[in-house]
Amino acid sequence: VMVFGRKETVMTRQGAVHAETVKEAIFREHDMAEAITGFFKLLSADGELRVEAQLRDGVVPVPRLQNLLAQSIAACLPGVPFRAVIHGFKDYPYATSYERKYPYIDKALNP
């Protein structure tokens, strides 16, 4: 028996997407892994996956990073419709805390 990460999922038109799969996609490329804090949020909007990630303090959200994130997600989730968004460190719209495990999926945002 093999257990794959957490059981948190977001539903899309193509089915359930696991937070662990998106985490692997985000950290797939060295440049992206180096640029982000590790905080990201998964949302479902009209059957489409939305991935929002926070960049480290001082890292500018340039198109290259946006494209790198999109390419990694597309490679790890072929056929899943998605939108990837990167936020500057201070512009990340979700509360972060290092005191407890960060919820990648907020049930209040994903009914």
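The values are calculated or read from the model by the stated rules, or taken from the named source; none is laboratory data. What you see is a predicted model, and the numbers here were worked out from it, not measured in a lab. Counting neighbours? That spans all protein chains shown, and the Cβs are built from the backbone with ideal geometry, glycine included. The protein model used for the area step is the full one, side chains on, heavy atoms only, and it has no ligands, DNA or RNA in it. Shrake-Rupley method; radii C 1.70, N 1.55, O 1.52, S 1.80 Å.
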Fill in: Residues satisfying the stated conditions in the range 82-110, i.e. of a type in the set (Gly, Ala, Ser) and modelled with pLDDT under 80
SER97, ALA108
Item to complete: Those residues that are open to solvent by 20 Å² or more (accessible area, probe 1.4 Å), closer than 13 Å to GLU52 by Cβ and outside any helix (DSSP H, G or I), I need them from the range 64-84; list them, please.
Response: PHE82, ARG83
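Condition check ((1) closer than 23 Å to LYS90 by Cα; (2) outside any strand (DSSP E or B)) across all residues:
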site: MET11; (1), (2): no, no
site: THR21; (1), (2): no, yes
site: PHE40; (1), (2): yes, no
site: VAL51; (1), (2): yes, no
site: GLY58; (1), (2): yes, yes
Item to complete: Give the residues of the range 38-59 that are under 12 Å from the mean Cα position of the chain (by Cα), open to solvent by 20 Å² or more (accessible area, probe 1.4 Å) and charged (D, E, K, R), sorted by residue number.
Response: ARG50
Response to the item:
Scanning the range 8-37 residue by residue, the ones that are in contact (Cβ under 8 Å) with a residue 40 or more places away in the chain, within 11 Å of the chain's Cα centre (by Cα) and open to solvent by 10 Å² or more (accessible area, probe 1.4 Å) total 3
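Is it fair to say VAL85 is of a type outside the set (D, E, K, R), within 16 Å of VAL22 (Cα to Cα) and under 12 Å from the mean Cα position of the chain (by Cα)?
Details: of a type outside the set (D, E, K, R): yes; within 16 Å of VAL22 (Cα to Cα): yes; under 12 Å from the mean Cα position of the chain (by Cα): yes.
So VAL85 passes the test.
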